[in-house]
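Heads up, the thing below is written out as structure tokens.
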Number of protein chains: 2
Amino acid sequence: MSSHGQAAWELLLPAAAAPARRRGRALQEALREAVRSGRLAAGTRLPSTRALAADLGVSRGLVTEAYEQLTAEGYLRSDRGAGTWVGDAARGRTGGTPARGGGTVAQGTDPVTRARGAVARGAGPATRARGSGAPAVRVDFRPGTPDLSLFPRAAWSAAQRAVLSRLPHPALGYPDPRGVPELREALAGMLTRRRGVVADPERLVVCSGVAQASTLLGFVLRARGLDAVGIEDPGSPEHGRLFASTGLDTVWLPLDEEGLRTEPLAASGVRAVVVTPSHQFPSGIIWSAERRAALLDWARAVDGYVLEDDYDGDFRYDRAPVGALQGLDPERVVYAGSVSKSLAPGLRLGWMLVPEALLAEVVERKRTMDLGNPVLDQAVLAEFVTRGAYDRQLRRCQRAYRERRDALLSALAEHLPGTGVSGIAAGLHVIARVPGRYGPPERFLARSAEAGVALRPLEEYGTARPGDGDVRLVIGYAHLSPSVVTAGIRRVAEAVARG
Amino acid sequence: MSSHGQAAWELLLPAAAAPARRRGRALQEALREAVRSGRLAAGTRLPSTRALAADLGVSRGLVTEAYEQLTAEGYLRSDRGAGTWVGDAARGRTGGTPARGGGTVAQGTDPVTRARGAVARGAGPATRARGSGAPAVRVDFRPGTPDLSLFPRAAWSAAQRAVLSRLPHPALGYPDPRGVPELREALAGMLTRRRGVVADPERLVVCSGVAQASTLLGFVLRARGLDAVGIEDPGSPEHGRLFASTGLDTVWLPLDEEGLRTEPLAASGVRAVVVTPSHQFPSGIIWSAERRAALLDWARAVDGYVLEDDYDGDFRYDRAPVGALQGLDPERVVYAGSVSKSLAPGLRLGWMLVPEALLAEVVERKRTMDLGNPVLDQAVLAEFVTRGAYDRQLRRCQRAYRERRDALLSALAEHLPGTGVSGIAAGLHVIARVPGRYGPPERFLARSAEAGVALRPLEEYGTARPGDGDVRLVIGYAHLSPSVVTAGIRRVAEAVARG
């Protein structure tokens, strides 16, 4: 074993002694924590997977998996031939240089924001017919809604009863605007475990979801003198509307297959961006470790902030989800998530992890906005997370959604052969590229709509217009049963085949 | 009977035929509606109470009561000797001249807003000790909190179960930002009946309470070019903090014993005010009918708006509560209320009735702020109101609070004789003026605090500093049992009596 960081490898021994089924995760967590805390310094060369596995007495596969996972998340870097070493992207709570009161105004932005009529994910009822006289929607593939029939009514009801019978009277008074303490504790533990974030309950603010997190942050950044926020292209135009309500313009920033392109970001002049690095919306790519690191370098250089919208980070089907960007630099990344995809959007319950430098302003803004979230639902969610019911619910959704995704892929292969599907195996939607031979996009969409199938073209989410005749679609499948998914695609194929 | 409006008197006949226990209220509602709709025109002379009672076949007392109630609310005017006639304050939905897009900037304001450290009603935990080393608070007379032990846990729990078992799946999706339709229906009916407002469910926006209503309206008015809002002096400094978060200054406007003084209001240059006409906070006066009418005249003249904070309109102990100002002109008054005093502040559930001209902007602002309130609590409250459980809860609170108020008055008379109590018989607090012979105010407050009794001086709520040596207190009693109220006042008396 390498002589570097001998003590650090010993840090991993308790993890290696964990029960077999938890060992791989424990190893990853211990390694991540060692990097984050600085006990494994940037540049430290890691032992070979074979050597470390032997030292720890675990299988080599577990070590390989841990290295891959942490490389994907940006904690480690690797190069074929040169081995694996600790990257410099991670910044622990004590190691960073948090910005305070940075009042410089962002300059030189050339906003390409486009206000559009398109309903972004989650922004409207999923069954609204398009235009007057449009045929009724029978199968709605537009993305944004989970399967509401999976909401665990019995378990939620039981938790409600338990909460109402034990909650002390003062807990029904005016709330702490940051949220109910037991929920902040429970969420901090859950997010640390599931998403690899740095989740201090003192930095966790319960809010009504990612939309409110955007608005809260928008007001705070606006008050600090920023005048624009960058959003991913393709991305969610809804962010533009939310930031506009706080007085901020939005600027589309181009993506490639690795994440946000670095040069246009630097040239844009913005000092804040919203990103979805774990499963980019809507393209479905996962940001590369290099781009994650580059984004944080940029944020530090411009004294800026990153809002990480972890909208579906819980759903990955082929491997463990990639940890959140926030874990790499909790002083530059505002992490936001919610129960909208895992339980129900109607609960309006979410969370944000806030850099120390912004915390007081975000909390005061939350206070003047609504004095804090309702306490009963917060206490119920705390109960739910603590009892393990939230993890069970995620497993249940994951099984259901994976089955639906498989049904979608099979149906596309059978009924629209030649269709390419992209995006990692995750989330609640895929990007499908239907070859031009099925008809020009306008005709394809019109025929589908006439057949009662609602589809949303990718171009509603960004500025790209490839013009190659292919039909690019963002297909949401999570809210549909496998048989409906199959029937819907068959219906489309029949409709576009008619002369 | 007068020949004027013969048809209108006939309108009252169905009300006169109502069951005896509802007849008085039915008569008032019918009369109010007749004025509001214009079927009884401004200036119409009303028949004598004796004549109308004979025509309708009801007791004269009922008619007298109806005239008095509607005169207090500003619908009718009366003059000893000259009789009673229909006033010109009321403006129905169709009769008004709603302002649209009024972009003129308010001018000439001389803001006397004072940012203070005082915790306003409802703004903080009620048991926090003042300063370090302060003795523990044993009896906390600071106003703002209802008795949280009166929250109807069993009934709420039953309603939660009922809701979760019947709610259709789509109701768990992204909500209508205005609120759940069945709640808006239920609240519109309840508010029309209890508060005499014009409550069209289409104009009702569910929000998280009066604080959020202030913020929502503040943003909308700021976007229309206003730069300041008037607040009552004495009043709630918390409104100042809420409006400041929307970019608006606040201006203290002096009250006298009838309500907001008209000349300083006109001279202030503001075009929007927040008022508490049904039970002024904290003075406890009820605005006179003339001042209600004058305020609406002012609002129409300056193309302005009034936010009516109906924070405790449900609690009046000596007679039916005076109807809300909004009923007089729903196009100029934004009415806001919540369940914070009747159920629990922790529910964060309230409502606003919004003039047509502001509705779309308020709803869009609500949408970008949080996408709408959580749906389950909304559905539970709808169930609660529809089942009659909300009315039962109000009666229960009313009985409890009246008893506590009586205990407070007795204790003050016994232990601090000479203390004057003002404010109508309503609400959750009184104003007490303790004579200077009990010690100068600083000493009185310090001794009370040392004895573990938290008191809030009136001067924290406004600019007045009479300097006459008396101690003016805002005493909240609703959250304390009668025995605690009595013990607390005895404790104060003993503490200030010690040499």
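The values are calculated or read from the model by the stated rules, or taken from the named source; none is laboratory data. Every value quoted in this text rests on a predicted model; they were computed, and no experiment measured them. All Cβ positions, glycine included, derive from the backbone under ideal geometry; neighbour counts span all protein chains shown. Calculation scope for accessible area: heavy atoms of the full protein, side chains included, ligands and nucleic acids excluded. Shrake-Rupley method; radii C 1.70, N 1.55, O 1.52, S 1.80 Å.
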ask   = What residue of chain A has the nearest C-beta to the axis that moves A onto B, and what is that distance in Å, given as a whole number?
value = A:GLN160, 2
remark   = Of the candidates A:GLY476, A:PRO264, B:GLY304, the farthest towards the positive dipole end of the protein assembly as shown (Lys/Arg Cβ +1, Asp/Glu Cβ -1, centred on the Cα centre) is A:GLY476
message = Need one value: the accessible area of B:GLU460 in square angstrom, 1.4 angstrom probe, rounded to the nearest 10.
response = 40
inquiry  = At a cut-off of 50 Å², which residues of the range A:146-182 become less accessible once all protein chains are present than in their chain alone, using a 1.4 Å probe?
reply    = A:LEU148, A:ARG153, A:GLN160, A:ARG161, A:LEU164, A:HIS169, A:LEU172, A:TYR174
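Quick check on chain A: of the DSSP beta bridges with both residues there, what percent are antiparallel, nearest 5%? Walk me through the numbers before you get to the answer.
Working: 27 of 45 bridges.
Taking every DSSP beta bridge with both residues in chain A, the antiparallel ones total about 60 percent.
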message = Below 8 Å between Cα atoms, with a sequence gap of 6+, how large is the relative contact order for the range A:153-390 in percent?
response = 29
request  = Find out how many positive minus negative residues lie around B:ARG22, taking Lys and Arg as positive, Asp and Glu as negative, among other residues whose Cβ is under 14 Å from that of B:ARG22.
outcome  = +2
key: Length-normalised contact order for the range A:3-86 - Cα pairs under 8 Å, 6+ apart - percent   = 31
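Please compute the per residue accessible area over chain A with all protein chains in place, 1.4 Å probe, rounded to a whole number of Å². Please report the intermediate quantities before stating the final value.
Details: 18220 Å² over 499 residues.
About 37 Å² of surface per residue is accessible.
Need one number: buried accessible surface between chains A and B, 1.4 Å probe, both sides summed, DNA, RNA and ligands left out, in Å² to 100. It would help to have the intermediate numbers written out before the result.
Details: alone 20360 and 20370 Å², together 36460 Å².
Summing both chains' loss of accessible area gives about 4300 Å².
What percentage of the solvent-accessible surface of the range A:3-86, computed with a 1.4 Å probe over protein heavy atoms, is contributed by carbon and sulfur atoms? Can you show the working numbers first?
Working: 2040 of 4250 Å².
Solvent-exposed carbon and sulfur of the range A:3-86 make up 48 percent of the total.
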Spatial separation of Cα centroids for the range B:372-387 and the range B:423-477, in angstrom = 39
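Explain nothing, just the number: relative contact order of chain B, from Cα pairs under 8 Å at least 6 residues apart, as a whole percent.
On the way: 949 pairs, mean separation 95.8, N = 499.
Worked out over chain B, it gives 19 percent.
What is the antiparallel percent of DSSP beta bridges lying wholly in the protein assembly as shown, to the nearest 5?
On the way: 54 of 90 bridges.
Taking every DSSP beta bridge within the protein assembly as shown, about 60 percent pair in antiparallel fashion.
Could you give the size of the charge dipole of the protein assembly as shown about its Cα centre, using +1 on the Cβ of each K and R and -1 on the Cβ of each D and E, expressed in debye and rounded to the nearest 20?
Numbers: 130 positive and 108 negative charges, 476 e Å.
Charge dipole of the protein assembly as shown: 2280 debye, to the nearest 20.
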ask   = Over the range B:153-390, what percent of the accessible surface lies on carbon and sulfur atoms, probe 1.4 Å?
value = 55
ask   = For the charge dipole of the range B:3-86, defined by +1 on Lys and Arg C-beta atoms and -1 on Asp and Glu C-beta atoms about the Cα centroid, which residue among B:GLN69, B:VAL86, B:ALA41 has the Cα displaced farthest towards the positive pole?
value = B:GLN69
request  = Find every distance from the label point of A:PRO170 to the corresponding label point in the other copies (7 Å from Cα along Cα→Cβ) and write them in nm, one decimal, shortest first.
outcome  = 4.6
key: Distances in nm from B:GLY436 to the matching label points in the other copies, shortest first (labels 7 Å along Cα to Cβ)   = 9.4
query = Which residues of the range A:210-231 show a drop of at least 30 Å² in accessible area when all protein chains are present, compared with their chain alone (probe radius 1.4 Å, heavy atoms only, ligands and nucleic acids excluded)?
reply = A:PHE219
request  = For A:ARG387, place a label point 7 Å out from Cα along the Cα→Cβ vector, do the same in each other copy, and report the separations in nm, one decimal, smallest first.
outcome  = 2.0
